[in-house]
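S.K.: Following this message is one structure expressed as structure tokens.
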Number of protein chains: 2
Amino acid sequence: MQLDHIGIAVNRLTDSVQVFSALIGIAPEDIRSREVPAEKVRIAELELEGMAIELMEPMSEDSPISGFLAKRGQGVHHLCFRTEDIEGLFARLRDNGVRLLSDGVRQGSGYRYFFVHPESAAGILTEFKQPNEELI
Amino acid sequence: MQLDHIGIAVNRLTDSVQVFSALIGIAPEDIRSREVPAEKVRIAELELEGMAIELMEPMSEDSPISGFLAKRGQGVHHLCFRTEDIEGLFARLRDNGVRLLSDGVRQGSGYRYFFVHPESAAGILTEFKQPNEELI
């Protein structure tokens, strides 16, 4: 198991890219960003050794990130860990009574994933993912 | 620059060690814990590939972690990044108007460090450290 990324909810992506590029020492032009319309979020990814920081800006007022920002302000939105046995982990956590946010492992774009409710993870929304490549 | 650890404020260390050992797949007996009386905090460290998760329980009601828990509840308290030039980073951030929590780099137990105020880091208390060993 290793940390895949830290998801950070931010008000304005351009501002936060400036802030984190200065802190982490990555040139802003080396930071890739993308839109995920299904989740109504715009993401900038800062790659560090072995993991990434994902800055997430809401694309609309009904984005889940808008709700988070209104309630908590900017900050860590979720942690994501990479596993090599996503199905086994899901089953083990479900059997241990961990509160999960889906009925099964879900298919993302190039990876499978599920979320653990913050109530079962010391207040932190926690994602687990397994890239599809690792199945080959 | 790489992520050193994620500091998580928790109500009860024993409970949270159980929770995270189940999530991350580390046996509870493999998790080291220690007290840091100067900061009034008890810490359990979960080592992952290249970084660690630090669960932090307040040792008293006047611990900084008690204040955090009362205000925000359990969750990510700070992020810490490891740098190889802590003095240079401090100077660069100070010159760029980043709000820092000390007048200079501070000496910890085996490492030097400083903190950036959440206002200058998208709402996240951010620590930078350089282990003393790297100076040799």
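S.K.: Let me check I've understood the local charge: for A:V41, count other residues with C-beta under 10 angstrom from its C-beta, Lys and Arg +1, Asp and Glu -1. What total comes out?
M.R.: Net local charge, A:V41 excluded: -1.
S.K.: When you count, for each residue, the other Cβ atoms within 10 Å and take the mean per peptide, how do B:83-93, B:117-127, B:60-70 rank with the highest first? If you can, show how the numbers build up before the last one.
M.R.: Working: B:83-93: 16.7, B:117-127: 19.2, B:60-70: 14.9.
Top of the packing list down: B:117-127, B:83-93, B:60-70.
S.K.: What is the spin-label model distance, in nm, from A:E84 to B:A91 if the labels are put 7 Å beyond Cα along the C-beta direction?
M.R.: With each label placed 7 Å out from Cα toward Cβ, I get 4.5 nm.
S.K.: In addition: At what distance in nm do the modelled label points of B:A38 and A:Q2 sit from each other, each positioned 7 Å from its Cα along Cα→Cβ?
M.R.: It works out to 3.2 nm between the two label points.
S.K.: Evaluate E = 1/(1 + (r/R0)^6) for B:D30 and A:E45, where r is the Cβ-Cβ distance and R0 equals 45 Å; express this FRET efficiency to the nearest 0.05. Show your work: numbers first, answer last.
M.R.: Numbers: r = 32 Å, r/R0 = 0.70.
Plugging the Cβ-Cβ distance into 1/(1 + (r/R0)^6) gives 0.90.
S.K.: List the pairs from A:K71/B:K40; A:K71/B:K71; A:K129/B:K71 whose alpha-carbon separation is above 23 Å, in the order I gave them.
M.R.: Values: A:K71/B:K40 29 Å; A:K71/B:K71 13 Å; A:K129/B:K71 31 Å.
Over 23 Å Cα-Cα: A:K71/B:K40; A:K129/B:K71.
S.K.: Can you give the Rg/Rh ratio of chain B, where Rg is from the C-alpha atoms and Rh is the Kirkwood radius? Before the final figure, lay out each step's value.
M.R.: Numbers: Rg = 15.3 Å, Rh = 15.8 Å.
My calculation puts Rg/Rh at 0.97.
S.K.: Using the Cβ atoms and a cut-off under 14 Å, what net charge is assigned to the surroundings of B:D30, where Lys and Arg are +1 and Asp and Glu are -1?
M.R.: On the way: positive: B:R32; negative: B:E29, B:E45, B:E47.
With Lys, Arg at +1 and Asp, Glu at -1, the neighbours total -2.
S.K.: Now for a separate question. No solvent, one uniform scatterer per C-alpha: report log10 I(q)/I(0) for region A:83-136 via the Debye equation at q = 0.16, 0.25, 0.27 1/Å, two decimals.
M.R.: Debye curve over Cα of region A:83-136, log10 I(q)/I(0) at q = 0.16, 0.25, 0.27 Å⁻¹: -0.44, -0.96, -1.07.
S.K.: Which distances, shortest first and in nm, link B:R106 to the matching position in the other copies, using label points set 7 Å out along Cα to C-beta?
M.R.: Spacings between copies for this position, smallest first, are 4.0 nm.
S.K.: With θ taken as phi - 60° and the coefficients 6.51, -1.76 and 1.60, list the Karplus ³J(HN,Hα) couplings across region A:10-21 in order, rounded to whole Hz; mark glycine and proline as x.
M.R.: Those phi angles translate into 10, 6, 9, 4, 4, 4, 6, 4, 4, 4, 6, 5 Hz.
S.K.: Given N residues in the protein assembly as shown, what is Rg(Cα) / (2.2 N^0.38 Å)? Show your work: numbers first, answer last.
M.R.: On the way: Rg = 18.4 Å, N = 272, 2.2 N^0.38 = 18.5 Å.
Normalised Cα radius of gyration, the protein assembly as shown: 0.99.
S.K.: Where does the charge balance sit around B:G75 when Lys and Arg score +1, Asp and Glu -1, over other residues with C-beta under 14 Å from its C-beta? Intermediate results must be reported in sequence, preceding the final value.
M.R.: Details: positive: A:K71, A:R72, B:K71, B:R72; negative: A:E119, B:E54, B:E57.
It works out to a net charge of +1.
Coordinate-derived values only; no laboratory data. These figures come from a predicted structure and were not determined experimentally. Note that each Cβ is placed from the backbone with ideal geometry, even for glycine, and that neighbours are counted across all protein chains shown.
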